[in-house]
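Reading through the structure tokens given below for one structure.
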Protein chains: 2
Amino acid sequence: MMTLVSYDVSTTDNKGKTRLRKVSKECQNYGQRVQNSVFEIDVDYGTFLKVKDKLLKIIDPKHDSLRIYYLGNNWKHRVEHYGTKETYDPEGVLIF
Amino acid sequence: MMTLVSYDVSTTDNKGKTRLRKVSKECQNYGQRVQNSVFEIDVDYGTFLKVKDKLLKIIDPKHDSLRIYYLGNNWKHRVEHYGTKETYDPEGVLIF
């Protein structure tokens, strides 16, 4: 099941920067960075619930936001990518 | 038809900053900012093709990237939002 996770973490202080690093690391453990603050995480639903739980424990809901889009299993025809990809998709799997 | 547009625009030079402003403005003309570089654009397919065409003319594909997710019409159950919303959703329509 493909899930899209995007986040805005306030980095006006060092605590925010630490949260941003932690969110980013957690997403990278399970998914693929497609843009600066956007990840695609393709895992089963149970695993995703664990990831989501971890992320919700990291963010500060007063300052940060986390947005999740459940793209389902039939997601490939839903996505288009234009422009540079080198930073985010070393395998090129998700780019077409 | 709901469409999600996320973009990374290189802002290492002034031309990049100008592109970022243009992309952002174009997206705001048709959609709603939900995060820093993520917009939800809910228009008919024909209108979206025009928006997409405009965006592709703004970005520099060597330095920027644009990613589009077609969420379809039955998109509301696909989205979850956590944390702060004040910057991005003044009407609160898309937050639940």
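The values are calculated or read from the model by the stated rules, or taken from the named source; none is laboratory data. The structure displayed is predicted, hence computed values, not measured ones. In this analysis, Cβ positions are derived from the backbone assuming ideal geometry, glycine residues included, and neighbour counts consider all displayed protein chains. Heavy atoms of the whole protein, side chains included, go into the accessibility calculation; ligands, DNA and RNA do not. Shrake-Rupley method; radii C 1.70, N 1.55, O 1.52, S 1.80 Å.
Between identical copies, the spacing of B:ARG33 label points, each set 7 Å from Cα toward the C-beta atom, reads 2.3 nm from nearest to farthest.
Taking the Cα centre of the protein assembly as shown as origin and assigning +1 to Lys and Arg Cβ atoms and -1 to Asp and Glu Cβ atoms, the resulting dipole is close to 360 debye. A P(r) calculated from all alpha carbon pairs of the protein assembly as shown, with 10 Å bins opening at zero, reads 9, 37, 40, 13, 0 percent. The separation of the range A:1-77 from the range B:1-57, counted between C-alpha centres, amounts to 21 Å.
Largest first, the extents of the alpha carbon coordinates of chain A on the three principal axes equal 38, 31, 19 Å. Note on chain A: Lys pairs 8 or more places apart or on different chains, Cα atoms under 18 Å apart, count 20. For the range B:2-75, relative contact order (Cα pairs under 8 Å, six or more residues apart, normalised by length) works out to 49 percent.
For A:LEU56, the point set 7 Å out from Cα toward Cβ sits 3.9 nm from its twins in the other copies, listed from shortest up. Taking every DSSP helix (H) stretch of at least 4 residues in the protein assembly as shown, weighting each as -39,500 (n - 2.57) and dividing the sum by the residue count yields a mean residue ellipticity at 222 nm of -10500 deg cm²/dmol. State to the nearest 20 debye the size of the charge dipole of the range B:2-75 about its Cα centre, where the only charges are +1 on K and R beta carbons and -1 on D and E beta carbons. Here the size comes out at about 320 debye. Considering only A:MET2, A:TYR45, A:VAL23, the residue lying farthest towards the positive end of the dipole of the range A:1-60 is A:VAL23, judged by Cα position with unit charges set on Cβ.
Distances between equivalent label points of A:LYS76 across the copies, with each point positioned 7 Å along Cα→Cβ, amount to 3.2 nm, shortest listed first.
When the accessible areas of A alone and B alone are added and the area of the pair subtracted, with a 1.4 Å probe, the result is around 3000 Å², both sides summed. Over the protein assembly as shown, what percent of the accessible surface lies on carbon and sulfur atoms, probe 1.4 Å? Summing carbon and sulfur atoms, their accessible area is 49 percent of the total for the protein assembly as shown.
Taking the C-alpha atoms only, the angle from helix A:14-30 to the longest principal axis of chain A is near 30 degrees. Against the main long axis of the alpha-carbon atoms of chain A, helix A:45-58 sits at an angle near 30°.
What stretch of chain B, leaving out the sites themselves, is the longest with no GluC sites (Glu not before Pro) in a DSSP loop having at most 13 other Cβ atoms within 10 Å? Excluding the exposed sites themselves, the longest stretch runs over B:1-85.
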